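The values are calculated or read from the model by the stated rules, or taken from the named source; none is laboratory data. Remember, it's a predicted structure, so these values are computed and weren't measured experimentally. As a convention, Cβ positions derive from the backbone with ideal geometry for all residues, glycine included, and neighbour counts pool all protein chains shown. Heads up: the accessible areas ignore ligands, DNA and RNA and are worked out on the full protein's heavy atoms, side chains in. Shrake-Rupley method; radii C 1.70, N 1.55, O 1.52, S 1.80 Å.
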Amino acid sequence: IAQSILPVYLVIIAGITLSGCMKDNIKGLRTFTINTPIFESLTEFRANIKAGVASDIKTTGKIAISGEYIFISTPGEGIHVIDNSNPEAPKNVSFINIPGNADLAITGNTLYADAYSDLITFDIQNPGNPVTKNFITNVFSNYGGYYLQDSINKTYSFYYPMMMGPVAEKSLYVIKGWIKKDTTVEYDYIPNPSPIYFGCANCDYDLASAAVSSSGGSKDIATSGSLSRFAITNNFLYAIGYDSLSAFDITDRFTPALKGKTFVNWSSETVFPFKDKLFIGTTNGMYMYDVQSSPDKPSLLGQVSHIRSCDPVIADDNYAYVTLRDGTQCSGFANQLDVYDINDLSSPSLLKTYQLTHPTGLSKDGDILFICDGKDGLKVFDATDKSNLKLIKQLKDAETIDVIAYGGLAIVMTTGGIYEYSYTDLNNIHLLSKL
């Protein structure tokens, strides 16, 4: 493999077959699956970022609800637009092609989405036909990025703007796909060898998202998920990277301006806005920031630590709710809900822990708490007494991933599609539709 493109290869051990007898020098066969990148020029890549006809929702990533429309990402591919004016019969109306996409956020008629290291703005005045407006380049160093082509040798190397300086756009490329090929090599057998990995330039973190988020006091800001890396409050868009929080001034909605970056933690995952605060989930704890006094440089208010695990976070005025789960890239073995008293943000305290099966997304509407608990389905709790949650209903129609609940309607992302439930009558929570 050429050294110049090692960063974009991910090589996974597929199996080992041994031959010969157990001697000092034993030969064996090892089979690898090699993903070879397919490159596309940055110019062509950007020209193809636009809305088109609706396509099937193969996998679900992040979610946002704006008015009567649902926006759902398919990781690495783009965003589906769903007309949900009739929750009993939602319609898949269009698909925005955005290779390298992971996150999205909406305020008013503006949709923000990432594409590798770019931030892209769209005009969604007509939600069924979004219009691409602007590209803000090289602002997400943690999300993958561009590759520089050697025009002579036709090889590619990862482009580091801070180190290499500006280059002509025509020399930059992105990865638009992969060619998979198995290859078998002979090797000298080493007992209990360590797995061999070549890193990937755009490693995919857990992309399941869920939960209603606060709108920061504005009805124009769409409801987003608890695993979202994007959050909007007032005139700022915040984006959490692997270790830092980027603050964009979006006073000019279609032309965000990066105003600052704040180091948070080396394992930051999610950001949840509530009024003038941001709640950031990491693999080892929850961090709380104030964004009112200095929106471009949020200040730390307090933090709590927990065992290593993935942890979407939602919050209200007095409490924060954190789900922890096992079997993920975050490690950890816990499957639980932690409820924290955050009346004193400088010293939050754990109120109670509830054991669950495999929780992911969560959402809260008043005193009703919704938790996606994997194969155990959607669980609906009466959370009036935070130290004594009471199960109202368990819906096991599908394996659940995430949920957004508001105004009597729960929109649930499952492994089999989108399920919508009515909970206007808590004694008769029932399925309205599937997509």
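Each row is one residue, and each column tells you yes or no for (1) of a type in the set (S, T, N, Q); (2) buried (at least 24 other Cβ atoms within 10 Å of the Cβ); (3) part of a loop (DSSP other than H, G, I, E, B); (4) out of contact with any Pro (no Cβ under 6 Å at 6 or more places or on another chain).
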site: Ser228; (1), (2), (3), (4): yes, yes, yes, yes
site: Ile232; (1), (2), (3), (4): no, yes, no, yes
site: Ala239; (1), (2), (3), (4): no, yes, no, yes
site: Asp252; (1), (2), (3), (4): no, no, yes, yes
site: Gly260; (1), (2), (3), (4): no, no, no, yes
site: Trp266; (1), (2), (3), (4): no, no, yes, yes
site: Pro273; (1), (2), (3), (4): no, yes, no, yes
site: Met286; (1), (2), (3), (4): no, yes, no, yes
site: Ser293; (1), (2), (3), (4): yes, no, yes, yes
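Under 6 Å between Cβ atoms, which residue pairs at least 6 apart in sequence (or on different chains) link something in region 216-237 that is under 19 Å from Gln292 (Cβ atoms) with a partner that is modelled with pLDDT under 85 and in a loop (DSSP other than H, G, I, E, B)?
Ile221/Ser215; Thr233/Gly216; Asn234/Gly216
Condition check: more than 30 Å from Ile411 (Cβ to Cβ), modelled with pLDDT of 85 or more and part of a strand (DSSP E or B). Does Glu44 satisfy that? Don't jump to the end; show me each part of the working.
Numbers: more than 30 Å from Ile411 (Cβ to Cβ): yes; modelled with pLDDT of 85 or more: yes; part of a strand (DSSP E or B): no.
No; evaluated as a whole, the condition is false for this residue.
What single numbered condition from (1) farther than 20 Å from Ser228 by Cα; (2) at pLDDT 85 or above; (3) of a type outside the set (Val, Ile, Thr) fails to hold for Tyr112?
All conditions are met except number (1).
Could you figure out which of (1) open to solvent by 10 Å² or more (accessible area, probe 1.4 Å); (2) under 28 Å from Gly361 (Cβ atoms); (3) at pLDDT below 95 isn't true of Ala89?
Failed condition: (3).
Among the candidates Asp385, Asp316, Asp341, Asp397, single out the residue that is out of contact with any Asp or Glu (no Cβ under 8 Å at 6 or more places or on another chain), within 17 Å of Val412 (Cα to Cα) and modelled with pLDDT of 90 or more. Before you say what the answer is, go through the steps one by one.
Numbers: Asp385 fails: within 17 Å of Val412 (Cα to Cα); Asp316 fails: within 17 Å of Val412 (Cα to Cα); Asp341 fails: within 17 Å of Val412 (Cα to Cα).
Among Asp385, Asp316, Asp341, Asp397, only Asp397 is out of contact with any Asp or Glu (no Cβ under 8 Å at 6 or more places or on another chain), within 17 Å of Val412 (Cα to Cα) and modelled with pLDDT of 90 or more.
Look at Leu369 and say whether it is assigned to a strand (DSSP E or B), in contact with a Lys or Arg (Cβ under 9 Å, 6 or more places away or on another chain), at negative phi and open to solvent by less than 40 Å² (accessible area, probe 1.4 Å).
Details: assigned to a strand (DSSP E or B): yes; in contact with a Lys or Arg (Cβ under 9 Å, 6 or more places away or on another chain): yes; at negative phi: yes; open to solvent by less than 40 Å² (accessible area, probe 1.4 Å): yes.
Answer is yes for this residue.
Please go through region 32-57 and give me each residue that is closer than 11 Å to Ile98 by Cβ and of a type in the set (S, T, N, Q), ordered by number.
Scanning region 32-57 gives a single hit, Asn48.
So which residues in region 275-284 are open to solvent by 10 Å² or more (accessible area, probe 1.4 Å) and not in a loop (DSSP other than H, G, I, E, B), if there are any at all?
The answer is Lys277, and nothing else.
Name the residue, out of Asn101, Asn134, that is closer than 26 Å to Thr262 by Cβ, of a type in the set (S, T, N, Q) and open to solvent by 10 Å² or more (accessible area, probe 1.4 Å). First the steps, then the outcome.
Details: Asn101 fails: open to solvent by 10 Å² or more (accessible area, probe 1.4 Å).
Matching residue, one of Asn101, Asn134: Asn134.
Could you check region 390-431 for strands (runs of 3 or more DSSP E) lying wholly inside it with 2 or more residues that are in contact (Cβ under 8 Å) with a residue 60 or more places away in the chain, open to solvent by 20 Å² or more (accessible area, probe 1.4 Å) and under 22 Å from Val339 (Cα atoms)?
Qualifying strands (runs of 3 or more DSSP E): 400-406.
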